[in-house]
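Reviewing the structure listed below.
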There are 2 protein chains.
Amino acid sequence: MAEFAYDIRDLKFILNEWLDMDEVFSLERFKDNYEKDDIDFILNEVYKMAKEVVFPINKEGDEIGVKYENGQVKLPSSYVEAYKFLQENGWGSANESLGSDELMPLTLYRAYNEMLMAACPALTSYIKLTTGAANLIYRFGTDKDRELFIENMLSGKWSGTMCLTEPNAGSDVGDATTRAYPTDDHRIYKIKGTKMFITGGEVDLSENIIHMVLARPEGGAPGSKGLGLYIVPKIWVNDDGSLGEPNDVTCIGVEHKMGLKASATAMLSFGENDNCRGILVGSPPDENGVSKGLAMMFHMMNESRIGTGHNALAQMAAAYYFASRYATERIQGRPFTNPKAGRVPLIKHEDIRRMLIEMKAQIEGIRAMIFKGFYYLDVAEHSSDKEKAARCQGLAEILTPLIKTYASETAWQMIGQAIQVYGGVGYTEEYPVSQYARDVKILSIWEGTSFIHAMDLVGRKMRMKDGVPFTNWMDDRKEFIEKNKDADSFSSEMKQLEKAYNCVAEIRDLFASYYANRGEKGELIPLYAPRVLTCCAQLFAAEAIMDQALLAKKKIEELGVDHHDYAYYVGKVNTAKFFVNNILPNVYMQTELIKNADKSALECPEEALVIS
Amino acid sequence: MAEFAYDIRDLKFILNEWLDMDEVFSLERFKDNYEKDDIDFILNEVYKMAKEVVFPINKEGDEIGVKYENGQVKLPSSYVEAYKFLQENGWGSANESLGSDELMPLTLYRAYNEMLMAACPALTSYIKLTTGAANLIYRFGTDKDRELFIENMLSGKWSGTMCLTEPNAGSDVGDATTRAYPTDDHRIYKIKGTKMFITGGEVDLSENIIHMVLARPEGGAPGSKGLGLYIVPKIWVNDDGSLGEPNDVTCIGVEHKMGLKASATAMLSFGENDNCRGILVGSPPDENGVSKGLAMMFHMMNESRIGTGHNALAQMAAAYYFASRYATERIQGRPFTNPKAGRVPLIKHEDIRRMLIEMKAQIEGIRAMIFKGFYYLDVAEHSSDKEKAARCQGLAEILTPLIKTYASETAWQMIGQAIQVYGGVGYTEEYPVSQYARDVKILSIWEGTSFIHAMDLVGRKMRMKDGVPFTNWMDDRKEFIEKNKDADSFSSEMKQLEKAYNCVAEIRDLFASYYANRGEKGELIPLYAPRVLTCCAQLFAAEAIMDQALLAKKKIEELGVDHHDYAYYVGKVNTAKFFVNNILPNVYMQTELIKNADKSALECPEEALVIS
C-alpha cells in the first residue's frame, strides 16, 4: 500500500510565515496556553499519527464499511480504537471545544486536523460532529447541561450528532415535521419524528450518543423560525451523570453510499414508543411561536461550513500528493522534446506537470483562502478589539460560502485529474485516489448544497448590514492590488488580478440592480448566483496565493539558491503564476456570461428538459 | 428501483431528420438490407429491451461484480444470459461485423447501441470487444481464419478481446515485451508474455475466448513498428473447427475497480508452460523487422475510440435522464421569484434548470458530433465515390480524438452534476447516478488517455497529408457560418460561432509555428495540446447543435405550437442557445491562455511539485 504523505511544509509556511499568528497567540484566550513555538511540534506529531495510526485504517473502512443489524451499527474495530486514541490523547474535540482549557486557535487546530481529514475523512467526521454538539451545549446550554454532557463528549466517552434533515425536509429545513411536546418539567419535551442523513446517528464508538435535534414545539410557528433545539441522548443521562434508560431513539437503517463508507449515515426515529425525552436548549417559543433553534444551530455553521470545504481540500490534497509521487515512480514514454532519450518517469511529461500544478495551484489557493477564514474567525471570536472582531466576523461570513462550495466543487474535478495522472491503475482500488473521488463527492451537498451557498453569498452576505462587510471585503482586495501593483516580476499577474477585481465589482453592481428590480430581473439572481460565487472565490484565492508568492519571493532573495527551502519557495511563485494565468481568467469569462444573461435555461419547456 | 428512460426522440431526430440517411441507406453495402423505414422499428425494439432486459441487470452487476477463483472468472448469471440474448437475437456483434449480411450502417447500429450502453455499460463492453476482434480477423485474416472464428464469435458462442497493454507498457504500447517465437508452421507462433487491463480477458460468457494479441516476433524491430498481431484462442481451435486443448493462456487475476464492476478486467499470462500458440495475422516481419500489427489494430481504432466517447455520452445521458425525472418528483423549497407560493418540485428552481440544461446541451452537442463521426465513417468505408470517401475518412479521423476525449472528460463533470441535482440521495447507491459516476471515469483513460488524443490531434490529425483533411474540416466550419450568418433569431449565436472559429484558426497557425520552430517552442505543444482539443470539440459541437436548432426552427414554423413535437423542437433551440452562450465562450478564454503561453508548469521545480 502506498504510504501517506502530506505537504506539512505548506501548513508550516501558512502558520509560521504567512498569517499573523503572533496576533492570534496573543489573544487573551490563548496567550497562556499556546505559543508560536508549539506549531512545528504539533504539526510534526500529528503528521506522524496521520501516517501511522489514521491513514492505515482508511482503506479498511472503505472495504468493510459500517454494518447495520437490528438497530445497531458496527464500525470496523480499528475505527473505534482510532477514535478513542485521538480523543483520549487530546487530538480531538477538546482542542476545538469552547469550554476547554485546551481550546486552540482554529488556525492551529485546523492545520493539524487537515492532515487527519486527509488521512481518513470518515473517521474525522465523528470527531467533528462531537465537537459541534459539545460546542452547542457549551454556548447555549445551562450550567447543568454543560456539567452533564461536555466532559464526557470531549474525552471520547460519548459522541455527538446534529439532527436537521428529514425525509421531506432537506435543503428546506424549515419544512421539518419532527415535533416536541411539553411535559410537566418545563425544560423536558417529548420528541417525535424521523431524521435522516445523520452522520454518526448510530455507532459503537462510545457508550452514549448525544443528539442535537431540531424539532417544532407545540405552538411553534411554521417554517424555520418555529424550530427549537433539543439535547436528546441515546441513553438518558441522570441528574448525577449516571446513565439511565434507553431514550427511545431507534436507528432504522443506514445509507449505502458511494463513498465515506465508514461514516455511518443513519436514519433515526425519535419517540416510536412515545418515550423519547429531549432537553430544551435556550428558551421556549415566544408568543409568536418563534424559537431560536435554527439560529443556534447556525452559530456553528460558519465554522462547520468552512470545515466542510476544508475537508474537500484535505482530500484533494491527499490525492494530489499520492499522484505526484506515482508520477515520479512510474516510467512511461519518452520526452516529447527529446524522443531519442530513454524512457522517463511520468513527471517528465509536460501534460503530467500541467495536471499536477493545476492541482497544486487549486489546493494552495484554496488552502490560503481557508486559513484566512480561520484567522478571521479566531479574531472575531476572541479579540478584545470589538471593531476589528466585527470586521473579521463579516469577512469570515463572506468567505464561508466561497470556501464551502468552491473547494467541494473543485475537489471532484481535481481528484478526477489525480486518477488521470495514474492512468488505468488509478481506476483500481489498489491505489488510493479512486476512494478519495468517491469519498469527496458528498461535500458539495453536505452543510447546504452549492446552490444554497451561492444564494447565501448574493442574497445575504453581499447585502447584510447595508453591504458594509462586503464593501470591507472588496476594499481589502483593492488595497492589496494598490499596494503590490508594481511588485517586481509579478506585474502581469497584478494586472490580471486587477482585471478580475473589476469584474467582481461589476457583477456586484449588476446584482444590486437585480435586487432593486426583482420583478423583472429576479429570476437572474438564482440563475447566475453560482457563477458569482466562483468569481469571488477565484479572485480571493488568486490574491491569497499571490500574497504568499510575494512573501516567497522575499525569502528567495534572503536565503539564496542553496537554502533547503529554495525549491519550496520557487514552487510557490510558479504556483501563484499558474493560478493567475490559468485559473483566474475564468472570472473574465464568467463575468461576460453573467452580463450576457442568457435565459435559455428558463425558457426551455419542461417537457423538453425532462426525459420520461 | 427507478425505471430506465432514454431520449429516443433525439436519436430519431438525428437519423430521420438531421443526418442524410438516404445517402447512407443507398450505399451499395446497405441498400438491399436496410431502409429508412427500419429506423423507428429498430430503435423502439431496442428501447424496450434496454428497459426490460438490460437495465435491470446493471445494478446487480455493480453489487456482485466478477468473481475470480483459480484462474476462472464468474459473471453474474444474468450477464451471461443477457449477452447470449443480445448476440443470439441479432442485437449484438453481427450488426457491426464487416463480414456479416446483417452489417448495419454505423449510424444506425450505434444509435440503438447507445441505449444499451446507457442501460448497462459493463455488458456492452463484451459485445464491443467481440465485434472488434471479429472485424480484425475479417479484415486481415485468411479465408481459413474467417471460417474458423467469425461465425462463432458473432453468434455469441465465443467472445473476443484485444490484448495491448502490459504491466510496463501502457500509453507507450511500443515498449511491449510479449514475444512471438516462430515454429515449423510459418503461420503459427509460440506466444510468451503478460498482458493486463484486458476487458473480458477471462469470463464465463461463452465456451471460448479469441484473444487478438500484440507481440514482438523474433527479429522484430524495437518500438511499436516491430509488433505483430496474433490470434490466440483460449482453447485451441482445430482445423475442422472443433475445440482442441487449452492453449496455455492463464488468467492471473482481475482488477478491483471503482466501477464497471461486472466488466472483467483481467491480467493474462500467455505461454507459462511454453505451450501457447498464436496464429499470425498478416505478414511476418520484413527485412527491417517491421510488422504491421499495431497498424492493423489501429484500423479499428477510429471506430472504437469514437465508441469510447459514445459510451461516455450514453452514460452521462442516462444519468441526466434519471436526474431530470427526479427533479420533477422531488418536492423541495419554494420558488425564489414567488416565495409565498407553496413548495414546488426541484425543476421549478432556476439552478436545477441550469444544471439540467447544461447536461442536455453537452449531451446533445456531443451526440451530434458523434453521429457526424459515424456518418463520416459510413461514407468513408462504403461509398463508391472515392473522393468523397477519402474526404470523409479524413474528417472522421479529426473528429475521433475530439469525441473520445471531450465526451469522456465532460461525462465526469456532468454525472457529478447529476448527483448534485439529486442532492444527498444521489450519493447513495439506491439511486443510479453514483454508479454512472463510478462506471464512467475509466473512459478518459481507455483507448488512449486524453493527452494521447490531444497529441494525436495537434501532432497528427492537424498535420497529416499536408494538412488537407484539417483544412477541409475548417472549410466545413467556415461554410456553415457563411451560409447561416443571417439566420433568423440566431444572429448573436452565429456571431459567437464565428468568433470561436477565428480562435481555432488562430490556434492552428500558432501550433504550426511551434512545429516549425520545435527547438524553441516544442515544449508548448504538449503543454497546450489538451486545450486545443477542447476548443476544436466545443466549436464542432456548438456548430452541430446549432445546425440541429436551425432545422428545429423550421419544423416549429411548419408544424405549429399544437404539434406533439413542439416542445421537443423548442427545447432543441433553447439547448443550442445555451451551448453557444454558456459553453462555447470557453473557447475564447482557452485561446487567450494558449496565446499567453504561461510556462509555470514546466518551470516549477520537481521537488516542489512532488510531495514525499
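The values are calculated or read from the model by the stated rules, or taken from the named source; none is laboratory data. Because the structure is a prediction, the values reported are computed rather than measured. Heads up, the Cβs are rebuilt from the backbone with ideal geometry, glycines too, and the neighbour counts pull from every protein chain shown.
Just need a number here: residues in segment A:157-180 that are surrounded by fewer than 23 Cβ atoms within 10 Å (Cβ to Cβ), away from chain B (no Cβ under 14 Å) and touching a helix residue (DSSP H, G or I) at 6+ places or on another chain (Cβ under 9 Å). Residues meeting the conditions: 1. The residues on offer are B:220, B:309, B:259, and the sole one that is in contact with a helix residue (DSSP H, G or I) (Cβ under 8 Å, 6 or more places away or on another chain), within 14 Å of chain A (Cβ to nearest Cβ) and buried (at least 17 other Cβ atoms within 10 Å of the Cβ) is B:259.
Checking each residue in segment A:359-412 for being in contact with a Leu (Cβ under 7 Å, 6 or more places away or on another chain) and more than 23 Å from residue A:449 (Cα to Cα) picks out A:360, A:375, A:376, A:378, A:382, A:383.
Has segment B:240-249 got any residue that is within 21 Å of residue B:158 (Cα to Cα) and under 29 Å from the mean Cα position of the chain (by Cα)? Full working, then the answer.
Filtering segment B:240-249 for residues within 21 Å of residue B:158 (Cα to Cα) gives B:240-249.
In the following step, the residues that additionally are under 29 Å from the mean Cα position of the chain (by Cα) were identified as B:249.
Yes, segment B:240-249 contains a residue that is within 21 Å of residue B:158 (Cα to Cα) and under 29 Å from the mean Cα position of the chain (by Cα).
When residue A:487 is evaluated against the numbered criteria (1) assigned to a helix (DSSP H, G or I); (2) over 23 Å from residue A:408 (Cα atoms); (3) in contact with a helix residue (DSSP H, G or I) (Cβ under 7 Å, 6 or more places away or on another chain), which criterion, by number, is the only one it fails? Every condition holds for residue A:487 apart from (1). Give me the residue from segment A:313-325 that is out of contact with any Pro (no Cβ under 9 Å at 6 or more places or on another chain) and more than 7 Å from chain B (Cβ to nearest Cβ) and, out of that set, nearest to residue A:534 (Cα to Cα). Within segment A:313-325, the match that is nearest to residue A:534 (Cα to Cα) is A:313.
For residue A:170, the test of being more than 28 Å from residue B:334 (Cα to Cα) and in the same structural domain as residue A:231 (by TED's automatic domain parsing) is failed.
Could you look through segment B:1-30, keep only residues that are in contact with a Lys or Arg (Cβ under 9 Å, 6 or more places away or on another chain) and surrounded by fewer than 17 Cβ atoms within 10 Å (Cβ to Cβ), and pick out the one that is nearest to the other protein chains (Cβ to nearest Cβ)? The selected residue is B:3.
Among the residues in segment B:383-398, are any over 19 Å from residue B:420 (Cα atoms), within 13 Å of chain A (Cβ to nearest Cβ) and within 26 Å of the chain's Cα centre (by Cα)?
Restricting attention to segment B:383-398, the residues satisfying the condition of being over 19 Å from residue B:420 (Cα atoms) are B:383-398.
When the remaining residues are screened for being within 13 Å of chain A (Cβ to nearest Cβ), the result is none.
No: zero hits.
So in segment A:151-171, with the set limited to residues that are in a loop (DSSP other than H, G, I, E, B) and out of contact with any strand residue (DSSP E or B) (no Cβ under 9 Å at 6 or more places or on another chain), which one is modelled with the lowest pLDDT? Across segment A:151-171, the extreme among qualifying residues is A:171. Exactly one residue out of B:43, B:103 is in a loop (DSSP other than H, G, I, E, B) and either surrounded by 17 or more Cβ atoms within 10 Å (Cβ to Cβ) or touching a helix residue (DSSP H, G or I) at 6+ places or on another chain (Cβ under 6 Å) (or both), and it is B:103. Annotation: residue A:428 fulfils all but one of (1) polar (S, T, N, Q); (2) in contact (Cβ under 8 Å) with a residue 24 or more places away in the chain; (3) within 8 Å of chain B (Cβ to nearest Cβ); the unmet one is (2).
Looking across segment B:223-252, the residues that are within 15 Å of residue B:190 (Cβ to Cβ) and surrounded by 21 or more Cβ atoms within 10 Å (Cβ to Cβ) come down to B:228, B:230, B:231, B:232, B:233, B:247, B:249. Scanning segment A:411-425 for residues that are over 20 Å from the mean Cα position of the chain (by Cα), within 15 Å of residue A:356 (Cβ to Cβ) and within 8 Å of chain B (Cβ to nearest Cβ) returns A:419, A:420, A:423.
Counting only helices (runs of 4 or more DSSP H) that sit completely within segment A:289-405, those holding 2 or more residues that are charged (D, E, K, R) and free of Cβ contacts under 8 Å to residues at least 24 places away in the same chain correspond to A:350-382.
Any idea which residue in segment A:460-471 is farthest from the other protein chains (Cβ to nearest Cβ), counting only those that are under 29 Å from residue A:314 (Cα atoms) and touching a helix residue (DSSP H, G or I) at 6+ places or on another chain (Cβ under 8 Å)? Give the derivation first.
The initial filter retains those residues of segment A:460-471 that are under 29 Å from residue A:314 (Cα atoms), namely A:460-462, A:469-470.
Retained after the next criterion (residues that are touching a helix residue (DSSP H, G or I) at 6+ places or on another chain (Cβ under 8 Å)): A:461-462, A:469-470.
Numbers: A:461: 16, A:462: 16, A:469: 23, A:470: 20 Å.
Looking at residues that are under 29 Å from residue A:314 (Cα atoms) and touching a helix residue (DSSP H, G or I) at 6+ places or on another chain (Cβ under 8 Å), I get A:469.
Of all residues in segment B:558-578, those being free of Cβ contacts under 8 Å to residues at least 24 places away in the same chain, more than 7 Å from chain A (Cβ to nearest Cβ) and not in a loop (DSSP other than H, G, I, E, B) number 4. Does segment B:182-193 contain any residue that is surrounded by fewer than 17 Cβ atoms within 10 Å (Cβ to Cβ) and without any contact (Cβ under 8 Å) to a residue 40 or more places away in the chain? Yes.
For segment B:436-454, the tally of residues that are more than 8 Å from chain A (Cβ to nearest Cβ) and assigned to a helix (DSSP H, G or I) stands at 6. The set of residues in segment B:340-357 that are among the β-branched types (Val, Ile, Thr) and within 7 Å of chain A (Cβ to nearest Cβ) comprises B:347, B:357. Exactly one residue out of B:595, B:555 is of a type in the set (Lys, Arg), more than 8 Å from chain A (Cβ to nearest Cβ) and farther than 30 Å from residue B:355 by Cα: that is B:595.
Return yes or no: is residue B:115 within 14 Å of chain A (Cβ to nearest Cβ) and under 30 Å from residue B:41 (Cα atoms)?
Working: within 14 Å of chain A (Cβ to nearest Cβ): yes; under 30 Å from residue B:41 (Cα atoms): yes.
Yes: the conditions hold for residue B:115.
A single entry from A:93, A:100, A:77 fulfils the requirement of being modelled with pLDDT of 95 or more, in the same structural domain as residue A:120 (by TED's automatic domain parsing) and of a type in the set (Gly, Ala, Ser): A:77.
With respect to the conditions (1) modelled with pLDDT of 95 or more; (2) under 22 Å from residue A:14 (Cβ atoms), residue A:148 lacks only one, and its number is (2). Quick one: would you say residue B:530 is within 31 Å of the chain's Cα centre (by Cα) and within 7 Å of chain A (Cβ to nearest Cβ)? Answer is yes for this residue. With respect to the numbered conditions (1) touching a residue at least 40 places away in the same chain (Cβ under 8 Å); (2) more than 14 Å from chain B (Cβ to nearest Cβ); (3) closer than 27 Å to residue A:576 by Cα; (4) not aromatic (Phe, Trp, Tyr), which one is the sole condition not fulfilled by residue A:486? The failed condition is (1).
Could you tell me which residue of segment B:317-346 is surrounded by the fewest Cβ atoms within 10 Å (Cβ to Cβ), considering only residues that are over 23 Å from residue B:121 (Cβ atoms) and basic (Lys, Arg)?
Of the residues in segment B:317-346, the ones over 23 Å from residue B:121 (Cβ atoms) are B:327-346.
In the following step, the residues that additionally are basic (Lys, Arg) were identified as B:330, B:334, B:340, B:343.
Values: B:330: 18, B:334: 18, B:340: 6, B:343: 14.
Per the criteria, the residue is B:340.
Looking at segment B:505-521, can you tell me whether even one residue there is more than 7 Å from chain A (Cβ to nearest Cβ), touching a residue at least 24 places away in the same chain (Cβ under 8 Å) and charged (D, E, K, R)? So far as segment B:505-521 goes, yes, one or more of its residues are more than 7 Å from chain A (Cβ to nearest Cβ), touching a residue at least 24 places away in the same chain (Cβ under 8 Å) and charged (D, E, K, R).
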